[in-house]
Amino acid sequence: MSQEKLAIRTVIFSMLGNALLSGIKFLAGIFGNSFALIADAIESLVDVFSSILVLIGLKYAQRPADENHPYGHGKAEALITFLVVGFLIVSAVTIAYQAIQNIRTPHEGPASWTLAVLAAIIMWKEISYRFVLNRSKKLQSSSLRAEAWHHRSDAITSVAAFIGILIAIWGGEGYEKADDYAAIFAAGFILYNCYLIFRPALGEVMDEDTHDDLTAEIRKVALTVEGITGTEKCFIRKAGMKFHVDLHANVDGDLTVREGHDIAHDLKDTLKKEIPELGHILIHIEPFD
């Protein structure tokens, strides 16, 4: 299965799971009188829309290079991540505002059975987080990483809701607001995760080179190619699930232009074979004396 198809299947898994959980949380929050659960449901619903955006971004990003986009369309994935962050910020602000309104208004405490619902949700979201995060690392996908953190933030907001409901139930009368304070904490954590998701996507758009391990691997593979005596500059840009490389390689300074050209092609082919996640590779030959 190709990287793109595997990524799309992972997003569909997240989307269906979030849609189901959002419905469960809404019903449990309404009938169990818990705004923390309703806030949690809002985040899951936003995650569904975010997953749709990620799906669109992944499909667009896998379009092949063309005349206007010689490096392909991979950066669409990072741009979609920005939209996902925007949705999360809106949901966090909405949750916090409504929680503050609830704190100002006396209301009943949550039902005890909502704790069982939350416990099951927390376990499922943590499993989903680990599954999607492993896929994001395997595919080097920033949008899948954002998708994974949606599951982790959802799990932690559910933990906050669990603690809030637990305090409200044990405390009894006068502690009903603990549920709403839990919702405010959840909103704050969502905003914090927005930064964690936004920062690497911004680095991708700005062509930030922080891929030291990949650079070391490229240099190591380069030295296995006959005729390459060393490497100098190595610049890497990430676009979607591919890494574009500019590499300066050393060869014997007495070689002919054609011989240097052939060695450069051998180096490019070897890098493509040994490191499949590489995309466009530009080799610049330097004489080594």
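Is it the case that the range 104-118 has a residue that's over 29 Å from THR81 (Cβ atoms), surrounded by fewer than 24 Cβ atoms within 10 Å (Cβ to Cβ) and acidic (Asp, Glu)?
Yes, that holds for at least one residue.
In the set ILE89, ILE169, which member is open to solvent by 40 Å² or more (accessible area, probe 1.4 Å), more than 30 Å from LYS5 (Cβ to Cβ) and at pLDDT 85 or above?
Values: ILE169 fails: at pLDDT 85 or above.
Just a single option satisfies the conditions, and that option is ILE89.
Every residue, every condition in (1) over 22 Å from the mean Cα position of the chain (by Cα); (2) among the polar types (S, T, N, Q); (3) on the phi < 0 side of the Ramachandran plot, yes or no:
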position: TRP149; (1), (2), (3): no, no, yes
position: ALA183; (1), (2), (3): yes, no, yes
position: ASP207; (1), (2), (3): no, no, no
position: LYS220; (1), (2), (3): yes, no, yes
position: ARG237; (1), (2), (3): no, no, yes
position: MET241; (1), (2), (3): no, no, yes
position: VAL251; (1), (2), (3): yes, no, yes
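Can you pull out the residues in the range 111-120 that are in contact (Cβ under 8 Å) with a residue 40 or more places away in the chain and in a helix (DSSP H, G or I)? Talk me through it step by step, then tell me what you get.
We begin by selecting, within the range 111-120, every residue in contact (Cβ under 8 Å) with a residue 40 or more places away in the chain; these are 111-115, 117-119.
THR114, LEU115, VAL117, LEU118, ALA119, listed by residue number.
Among the residues of the range 169-187, write down those that are in a helix (DSSP H, G or I) and more than 16 Å from ILE30 (Cα to Cα).
ILE169, TRP170, GLY171, ALA178, TYR181, ALA182, ILE184, PHE185, ALA186, ALA187 - these are the residues of the range 169-187 that are in a helix (DSSP H, G or I) and more than 16 Å from ILE30 (Cα to Cα).
State whether one or more residues within the range 66-74 are surrounded by fewer than 17 Cβ atoms within 10 Å (Cβ to Cβ) and within 16 Å of the chain's Cα centre (by Cα).
Within the range 66-74, none of the residues are surrounded by fewer than 17 Cβ atoms within 10 Å (Cβ to Cβ) and within 16 Å of the chain's Cα centre (by Cα).
Return yes when LEU83 is surrounded by fewer than 21 Cβ atoms within 10 Å (Cβ to Cβ) and under 18 Å from GLY240 (Cβ atoms) and no when it is not.
Yes.
Restricting to the range 232-289, count the residues that are assigned to a strand (DSSP E or B) and either open to solvent by 60 Å² or more (accessible area, probe 1.4 Å) or not small (Gly, Ala, Ser) (or both).
Number satisfying all stated conditions: 27.
It is to be established whether one or more residues within the range 188-202 are within 24 Å of ALA7 (Cβ to Cβ), in a helix (DSSP H, G or I) and small (Gly, Ala, Ser).
Just the residues of the range 188-202 that are within 24 Å of ALA7 (Cβ to Cβ), to begin with: 190, 193-202.
Narrowing further to those that are in a helix (DSSP H, G or I): 190, 193-202.
Adding the requirement that they be small (Gly, Ala, Ser) leaves 201.
Yes, there is a match, as at least one residue in the range 188-202 is within 24 Å of ALA7 (Cβ to Cβ), in a helix (DSSP H, G or I) and small (Gly, Ala, Ser).
Sort through ILE42, ILE56, ILE38, ILE89 and tell me the only one that's in contact with a Lys or Arg (Cβ under 8 Å, 6 or more places away or on another chain) and under 21 Å from TRP149 (Cα atoms).
Details: ILE42 fails: in contact with a Lys or Arg (Cβ under 8 Å, 6 or more places away or on another chain); ILE56 fails: in contact with a Lys or Arg (Cβ under 8 Å, 6 or more places away or on another chain); ILE89 fails: in contact with a Lys or Arg (Cβ under 8 Å, 6 or more places away or on another chain).
Step by step, each of ILE42, ILE56, ILE38, ILE89 is checked, and only ILE38 is in contact with a Lys or Arg (Cβ under 8 Å, 6 or more places away or on another chain) and under 21 Å from TRP149 (Cα atoms).
Going by what's in this entry, would ILE52 be described as of a type in the set (A, V, I, L, M, F, W, C) and surrounded by fewer than 18 Cβ atoms within 10 Å (Cβ to Cβ)?
Considered against the rule, which asks whether it is of a type in the set (A, V, I, L, M, F, W, C) and surrounded by fewer than 18 Cβ atoms within 10 Å (Cβ to Cβ), ILE52 comes out as yes.
The values are calculated or read from the model by the stated rules, or taken from the named source; none is laboratory data. Small disclaimer: the values here were computed from a predicted structure and weren't measured. Cβ coordinates were reconstructed from backbone atoms using ideal geometry, including for glycine residues, and neighbour counts include every protein chain displayed. Heavy atoms of the whole protein, side chains included, go into the accessibility calculation; ligands, DNA and RNA do not. Shrake-Rupley method; radii C 1.70, N 1.55, O 1.52, S 1.80 Å.
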